[in-house]
Amino acid sequence: MSYVLIDNDKERHFLTNNKIFSRINAKDVPIEMIEKSDIVYLGSAMAMDSMDDSGIEKIFSQARSMGKTTVLDTAISNARPINWLERLEGALQNTDFFLPSLDEAKLLTGKDEPREIAASLGHFKFKALAIKLGKKGCYITDFHREGIVSSLDNMPVKDTTGAGDSFVAGFICGVTQGWDIFECAAFANSIASQNVGAIGATNGIPDFESAQSFFDAHKGEMKRTEGAFKINSKR
C-alpha cells in the first residue's frame, strides 16, 4: 500500500509499506506470460532485492532467448551504499532499452552528467539509453547519435505522480511503431507532459489516436539537439 502526498509545487512523495518488495522474485513471472509478450518491461530495478540480485537477469535472458524486446526502468526505494552497476550487471547485459531518471542514473554510475553516464554504460549494448530529465525533457542516445529532447513548455502541472512511468509508456509505444529513437523520446515527453496535467498516476494519459493528434500538433515545440556520440563511437 502506498500513500501519495502532493506538495505545493505539485511534486509527489510516497509513504509506502514496501515489505513485499524483497519477496518478489523471478518465479513470480510465469514463462507463459513471457511467451505471449512482444515486450518485457520491468519498472523498478534498484528497489526489489531478489529481482536486483538475479531475478531481472533471469527474466530478461529468457525473454531475449525467445526474441522478445526488453525494457528496464529504475526506482530508488533506499539510496543504500551499494555498487549498483556491479549488482545489475546481468540485468543490464540483457536490456534493450534502458530508461532511468537522472537521479537514478547518477546513483547507478556515480556520474553526474547525462553524457558521462552514457559513456559509463556504453559497453552494455543497449539499443537506446534515455535518461529522464524531469521538466527539461530527456537525454537520448543509441551510442552512435545523442541529443536532448525538451519537454513541452507552458503545460499545466497538477500532479507529477506517474510522470516517469507515462514517459516510459510513450517511449515503448513509439518502439512498437518502429519510430526513430528521437521520435520515441519526443512522443514520450508529450505523453508525460499531458499526464502531469491531471490528478493521479494515469488520469492524464490519452488513447493512442488522441496522443498521436496531440503529438502531431505540438512536436514542433519540442527542441531537439542531435549530434554524433563521440565517446566509444566505434561501438
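Cβ-to-Cβ counts within 10 Å put Ile31, Ile191 in ascending order as Ile31, Ile191, the fewest first.
Of all lysines in the structure, the ones whose alpha carbon falls short of 16 Å from that of Lys127, not counting any fewer than 8 places away in one chain, are Lys68, Lys234.
Under a Gaussian network description of the chain, with springs only between Cα atoms under 10 Å, the residue in Gly174, Gly55, Gly67 that fluctuates furthest is Gly67.
DSSP beta bridges in the chain, what fraction antiparallel, as a percent rounded to 5?
On the way: 18 of 28 bridges.
So the antiparallel bridges amount to about 65 percent of the total.
Each label point was placed 7 Å from the Cα along the Cα-to-Cβ direction; for Ile199 and Ser22 their separation is 3.6 nm.
When the convex hull of the C-alpha atoms of the chain is computed, what volume per residue in Å³ does it have? Could the numbers behind the result be given before it?
Details: hull volume 30.5 nm³, N = 235.
Output value, Cα hull per residue: 130 Å³.
Hand me the trypsin sites (Lys or Arg not before Pro) from region 1-83 located in a DSSP loop with no more than 10 other Cβ atoms within 10 Å, in residue order please. Can you show the working numbers first?
Numbers: sites: Lys10, Arg12, Lys19, Arg23, Lys27, Lys36, Lys58, Arg64, Lys68; in loops: Lys10, Arg23, Lys68.
Answer by residue number: Arg23.
Using the 10 angstrom Cβ neighbour count as an exposure proxy, how do Val4, Val71, Val149 rank, fewest first? Can you show the working numbers first?
Working: Val4 15, Val71 23, Val149 27.
Arranged by neighbour count, lowest to highest, Val4, Val71, Val149 become Val4, Val71, Val149.
Using the Cβ-Cβ distance between Glu32 and Asp53 with R0 set to 25 Å, the FRET efficiency from 1/(1 + (r/R0)^6) comes to roughly 0.55.
Each value in this text was obtained by applying a stated rule to the coordinates, not by laboratory testing. Predicted model, so just to flag it, every value in this text is computed and none were measured. Neighbour counts run over all protein chains shown; Cβ positions are idealised from the backbone, glycine included.
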